[in-house]
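K.L.:
Next up is a structure, given as structure tokens.
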Amino acid sequence: MATLEELFKGEFGYMKSDAEFELAHKDSGDVVCRVIARLYLAFDEYAKFLSFYVKQEFATPEILEALLVHHANAIHAAHSGLQISMSHPVHQVVGVTAEELPFTGRVILYVESTLDESAKERLISVGQGYGLKVQIRDRNYERFTNEHEKPRAFISHDSRDKPYVERIANRLRGVLCPVWYDEYSLKPGDSLVESISAGLHESKRCVVFLSPNFLSNPGWGKIEFNAAMNKHITEGNVLIPIWHGVTKDEVAAYSSLVVDLFAINTDIGEDEVFAKLHRALIVD
């Protein structure tokens, strides 16, 4: 299931620019919170909007209101060092820079807490005073999304490969193709069979991220892997292997059942891996 942080990272398919944003006490100068400020750059729509990811320790009414008050500083922070311009090859000769995109006033607060309705209304009211359209996505939003969003697949992978897997998963979510991956990040000693069985209760497809880390993980052996693969291969076309830094001989030595399946090799580049996996998942 998707965490609120994963939703923050993966929602919206626009170009993004992040910055660590701090608020300091006006008298002492001490830092009172650190959050992630994110700008979404919608060049086609000629617009940009803002979000904040706020951890539970900083999710107080005072801090949330202060983020809205100082939203312009957050936008400036997210712009710092950003050198991006876009232009149409035919209709627009002069490029549009990220700073030139008009700010719509939309601000989304991703808050690792559960806010009551009065607190939400207060934040919306504060935002209106600054010309902002405030949306609040808290733990209730996380629960609602997970209850109503059916994942197209889950990605079984070694936890050491999570950074790569996370990037692909977030890009898929950004094009309305949600996949689960965090709960299926396997650590040494975890059961592969239990992970795959649990995942297939929630989604139709299993993406197996085969890497040197995965093949060397002591939590499962070849017999257990083949048992899991055989069970689900016989139930239909549910498995999509991704090869990451492994050869056909290495995969064949590990599992003769999976080596001949259609696979995506990360040698083609991350963009192509994303595109091929997306096409494979949306055919259902």
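Read the figures in this text as sums done on the coordinates, not as results from a lab. Everything quoted here is computed from the prediction, not taken from an experiment. FYI the Cβ positions are ideal-geometry reconstructions off the backbone, even for glycines, and counts take in every protein chain you see.
K.L.:
Modelling each spin label as a point 7 Å along the Cα-to-Cβ direction, I'd like the Thr60/Glu202 distance in nm, to one decimal.
P.N.:
Simple spin-label model gives 3.4 nm for this pair.
K.L.:
Quickly work out the Thr104-to-Ala253 label distance, labels modelled 7 Å from Cα along the C-beta direction, and quote it in nm with one decimal.
P.N.:
Distance between label points: 5.3 nm.
K.L.:
Does region 4-145 classify as rounded, prolate or oblate by the C-alpha gyration tensor (a ≥ b ≥ c root eigenvalues; a/c under 1.5 gives rounded; else a/b over b/c gives prolate, otherwise oblate)?
P.N.:
Verdict is prolate for region 4-145.
K.L.:
Provide the net charge surrounding His71, with neighbours chosen by a C-beta distance below 13 Å and charges set as Lys +1, Arg +1, Asp -1, Glu -1.
P.N.:
+3
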